[in-house]
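Here's the structure, in structure tokens; my notes come after.
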Amino acid sequence: MASLKELCDGLPVDPLPSPRDRDESVPHAPVRTVNLTDDERRLALQNALRYFPSTCHHTLASEFAGELRQYGHIYMYRFRPDIELRAYPIDEYPAKTKQAAAIMLMIMNNLDSRVAQFPHELVTYGGNGQVFSNWAQFWIAMHYLSEMTEEQTLVMCSGHPQGLFPSSPSAPRAVITNGMVIPNYSSRDMYDKLFALGVTMYGQMTAGSYCYIGPQGLFMEPHPSSAILVIRKPSLCTLLICYKPITLRIEDRTSRIVVLNAGRRQLGVSNLSGKVFVTAGLGGMSGAQAKAAVIAGCVGVVAEVDGAALKKRHAQGWLMEYTSDVDICMDLIRKARQMKKPHSLGYHGNVVDLWERLVQEYESTGELLVELGSDQTSLHNPFNGGYYPVQVKFEEANEIMKHDPERFKALVQESLCRQVAAINKLTARGMFFWDYGNAFLLEASRAGADVCKEGAPLGVFRYPSYVQDIMGDIFSMGFGPFRWICTSGLAADLVTTDEIAKKVFEEIIAEGLPAEVKAQYEDNMKWIEEAQQHQLVVGSQARILYSDQRGRVALAEAFNKAINEGRLLGCVVISRDHHDVSGTDSPYRETSNIYDGSSFCADMAVQNAIGDSFRGATWVALHNGGGVGWGEVINGGFGLVLDGSQEASDRARMMLSWDVSNGVARRSWSGNLHAKHAICKAMEQNPLLKVTIPSHVEDVTLLENALKP
């Protein structure tokens, strides 16, 4: 096994590592099918070889050409490191600054095999959310970070380490961009070509910004209550029924809150015992759904076609039992409903088969076995492994995807139409279904499925978005997913931060809060207690919760003080999901409740990354693409290292205030009254903050009158 020092010595070329065959014992990204011309194939190979001295080209050229032919991309498997990739304690990294060491830690956590979806292809989650485009980039970036001083900034361009550039100690130590393709060329086909050429990549959200912390992040969102059934990709296998004690993960909080809110708003209940929630996906972030259902108090049924992904979640304790027999699945659902105890059930098969069988059960018995439904397959990437059609088995689907992409696309669209038809029948009988922000309704509409709302403008669907209709105005109130990582690697440090967070929230609540804000803080208190109980950590010692500007600043200052006093034994990295108040412009998700016509504009996300960069962030990132797909969203994020210094406290206060207020101000200008109230409150607390407030048209009839010829 190589050491961290060897890992930071630079790209190994003298001697070259031995060639490696692809390790088939681990999950791999689907083979990519790209129609490159002969000139483009030569260009892709040339682009890959330029990372190496010319003396290596004869050895590597045929090998890289083989990867391009066989996998549709040059990953450079030969250069996959021997060392176990994980978040080592920060003091073990051979870096000249704590900031650089923290970035190294976060990168390696994103590539941890327990965390990453396809670690050998450098994919963290979402099927194609890359940390880097190839392994040469990883080695070079780690070397630059080990050499970096506080007067340099690492520039990362779609996975490519462009270099260390002179800057100031107050500047970010890294600036990251992913997928910044000129808008007129930001199509799905162009992405496939540019990724094959090695000149751009899809960073998802927190994959390409190095801030992913596993499924715990998705688990936390506002107010959940219901039962869950989760399904994702199709494939048949032998029957397996197993039981495992359940533990929780980082993406769980979002799923939990969404489910609870769905139960409260649509079913009129706050107790979800005996209620069933059916969805799809156990791969990357969707892997949180099963545990989210259990914590929400319902029965979660999750379908997943990829047996490796399903078994991984079961082994990690996120899924309690599973079966590949749909008849047994129905029996287990009935049993769980009767027991009225929180439970998670995996169905190893295609979600369409599950939905159609639930329809069949209703039509034959009159029994509706599901109250809540959604889908969390990676439909931002529908034709490259994000969604598997029901008509063929998993293995066969992968072969069709590789050799006959047009047929695969037709199968996917036909499958989506069947899925929607079954869902429509169940919702007509009382089930509530929502879009999870994964482009399910968008892609279903493109496939010709019956999802559009009658008489409504194009793009308005018959089913709600979880952001717009279930989470409500949580972002407009300034609340979003704030996270921290204890770089010491010690579980005791995470426990200490949990205790600090509870104390901070107790003090804020004691000072008096509006009812709707107080409820969010009380939810956070409960969440922290549950997080410890359910063992949510996978990979780095991290925690996530939903907080507003006041809470984020208070937490950062309290953590920084604890580091200074020695109560925490290492630095703390603070960050957030890009899916946040200000971080993302996405008309079908984060900004779906912007009604002034600007939901398709990306000024907020771009301004946010720029503003974070000069207000104290240790690193910033700006991406094209995210949860809803390439060309459908612009999003950004940050990381900030707390080291116990006064400077770190000042940076956190300045940057976090902007990072929230920017989005609240934009939402206020669009006409959201919750945002208007929140930003006015912020201006009262900080006299330097001056925000333009809209004057609402009180008499809407004057609009029609003024427009009459």
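The values are calculated or read from the model by the stated rules, or taken from the named source; none is laboratory data. Model, not experiment: these values are computed from the prediction. Positions of Cβ are backbone-derived with ideal geometry, glycine not excepted, and every protein chain shown enters the neighbour counts. Please note that ligands, DNA and RNA were not included when accessible areas were found on the heavy atoms of the full protein model with its side chains. Shrake-Rupley method; radii C 1.70, N 1.55, O 1.52, S 1.80 Å.
Using the structure shown, decide if ALA439 is modelled with pLDDT under 90, within 24 Å of PRO389 (Cα to Cα), in contact with a Leu (Cβ under 9 Å, 6 or more places away or on another chain) and open to solvent by less than 10 Å² (accessible area, probe 1.4 Å). Yes: the conditions hold for ALA439.
The single condition among (1) open to solvent by less than 10 Å² (accessible area, probe 1.4 Å); (2) part of a loop (DSSP other than H, G, I, E, B) that LEU569 does not meet is (1).
Only one of the numbered conditions (1) in contact with a helix residue (DSSP H, G or I) (Cβ under 8 Å, 6 or more places away or on another chain); (2) assigned to a helix (DSSP H, G or I) is not met by ILE563, and that is (1).
When ILE176, ILE182 are screened for being among the β-branched types (Val, Ile, Thr) and within 22 Å of CYS211 (Cβ to Cβ), only ILE176 passes.
Here's the yes/no breakdown for (1) buried (at least 22 other Cβ atoms within 10 Å of the Cβ); (2) free of Cβ contacts under 8 Å to residues at least 24 places away in the same chain; (3) among the aromatic types (Phe, Trp, Tyr):
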position	(1), (2), (3)
ASN128	yes, no, no
PHE138	yes, no, yes
LEU164	no, yes, no
SER170	no, no, no
ILE182	no, yes, no
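When residues in segment 617-634 are screened for being part of a loop (DSSP other than H, G, I, E, B) and surrounded by 22 or more Cβ atoms within 10 Å (Cβ to Cβ), 9 of them pass.
The criterion of being crowded, with 23+ Cβ neighbours inside 10 Å, part of a loop (DSSP other than H, G, I, E, B) and touching an Asp or Glu at 6+ places or on another chain (Cβ under 8 Å) does not hold for ASN381. Evaluated against (1) surrounded by fewer than 24 Cβ atoms within 10 Å (Cβ to Cβ); (2) within 24 Å of TYR202 (Cβ to Cβ); (3) aliphatic (A, V, I, L, M), ILE83 falls short on exactly one condition, (2). Being touching a Phe, Trp or Tyr at 6+ places or on another chain (Cβ under 8 Å), basic (Lys, Arg) and open to solvent by 10 Å² or more (accessible area, probe 1.4 Å) is the requirement here; does LYS453 meet it? So LYS453 fits the description; yes. Tallying residues that are under 21 Å from SER209 (Cα atoms), in a helix (DSSP H, G or I) and out of contact with any Asp or Glu (no Cβ under 9 Å at 6 or more places or on another chain) within segment 69-101 yields 1.
Figure legend. Inter-residue proximity from segment 396-422: first residues closer than 15 Å to VAL31 by Cβ and assigned to a helix (DSSP H, G or I), second residues open to solvent by 50 Å² or more (accessible area, probe 1.4 Å) and among the polar types (S, T, N, Q), beta-carbon distance below 9 Å, spacing 6+ or different chains. Indicated pairs: ALA397/GLN391; PRO405/ASN35. Exactly one residue out of ALA609, ALA562 is closer than 17 Å to THR487 by Cβ, touching a strand residue (DSSP E or B) at 6+ places or on another chain (Cβ under 9 Å) and hydrophobic (A, V, I, L, M, F, W, C), and it is ALA562. Only residues that are hydrophobic (A, V, I, L, M, F, W, C) and in a helix (DSSP H, G or I) were counted across segment 117-152, and they come to 8. Filtering segment 682-709 to residues that are among the charged types (D, E, K, R), assigned to a helix (DSSP H, G or I) and at pLDDT 95 or above leaves only GLU684.
Evaluation of GLN646 against the conditions (1) open to solvent by 70 Å² or more (accessible area, probe 1.4 Å); (2) farther than 30 Å from TRP619 by Cα shows that the sole unmet condition is (2).
Out of the residues in segment 338-361 that are part of a strand (DSSP E or B) and of a type in the set (S, T, N, Q), state the one that is modelled with the highest pLDDT. Within segment 338-361, the match that is modelled with the highest pLDDT is ASN350. Output the residues belonging to segment 343-368 that are in contact (Cβ under 8 Å) with a residue 24 or more places away in the chain, of a type outside the set (Asp, Glu) and surrounded by fewer than 22 Cβ atoms within 10 Å (Cβ to Cβ). The answer is ARG357, VAL359, TYR362, LEU368.
Apart from one condition, TYR463 fits all of (1) touching a Leu at 6+ places or on another chain (Cβ under 7 Å); (2) more than 30 Å from TYR93 (Cα to Cα); (3) without any contact (Cβ under 8 Å) to a residue 60 or more places away in the chain; (4) assigned to a helix (DSSP H, G or I); the exception is (4). Consider VAL305 carefully, then state whether it is out of contact with any Asp or Glu (no Cβ under 8 Å at 6 or more places or on another chain) and open to solvent by less than 30 Å² (accessible area, probe 1.4 Å). Spelling it out, VAL305 is indeed out of contact with any Asp or Glu (no Cβ under 8 Å at 6 or more places or on another chain) and open to solvent by less than 30 Å² (accessible area, probe 1.4 Å). Condition check for VAL31 on (1) more than 30 Å from PHE408 (Cβ to Cβ); (2) touching a residue at least 40 places away in the same chain (Cβ under 8 Å); (3) not basic (Lys, Arg): one failure, at (1). Filter segment 316-363 for residues that are among the small types (Gly, Ala, Ser) and under 16 Å from SER273 (Cα atoms) and give the result. Once the filter is applied, which keeps residues that are among the small types (Gly, Ala, Ser) and under 16 Å from SER273 (Cα atoms), segment 316-363 yields ALA336, SER344.
May I ask you to verify whether ASP498 is more than 26 Å from ASP585 (Cα to Cα) and not β-branched (Val, Ile, Thr)? When the stated conditions are applied, ASP498 passes them.
Against the numbered list (1) touching a strand residue (DSSP E or B) at 6+ places or on another chain (Cβ under 8 Å); (2) open to solvent by 10 Å² or more (accessible area, probe 1.4 Å); (3) closer than 16 Å to ALA280 by Cβ; (4) not charged (D, E, K, R), PHE394 comes up short only at (1). Once segment 308-333 is narrowed to residues that are polar (S, T, N, Q) and at pLDDT 95 or above, the residue that is most open to solvent (accessible area, probe 1.4 Å) is SER324. In the set (1) within 22 Å of the chain's Cα centre (by Cα); (2) more than 23 Å from ALA678 (Cβ to Cβ); (3) part of a helix (DSSP H, G or I), the condition left unmet by ASP523 is number (2).
Across segment 14-46, the qualifying residues are those that are surrounded by 10 or more Cβ atoms within 10 Å (Cβ to Cβ) and of a type in the set (S, T, N, Q), and the one among them that is nearest to the chain's Cα centre (by Cα) is THR33. When restricted to residues that are crowded, with 18+ Cβ neighbours inside 10 Å and assigned to a loop (DSSP other than H, G, I, E, B), segment 662-676 contains 2.
So which of ILE594, ILE574, ILE544 is outside any helix (DSSP H, G or I), more than 19 Å from ILE213 (Cα to Cα), aliphatic (A, V, I, L, M) and touching a Gly at 6+ places or on another chain (Cβ under 9 Å)? When all the criteria are applied, what remains is ILE594. For first residues located in segment 91-108 and within 10 Å of VAL573 (Cβ to Cβ), partners that are of a type in the set (Lys, Arg) and at pLDDT 95 or above and lie 6+ apart or on another chain with Cβ distances below 8 Å form the pairs GLN99/ARG173; ILE103/ARG173.
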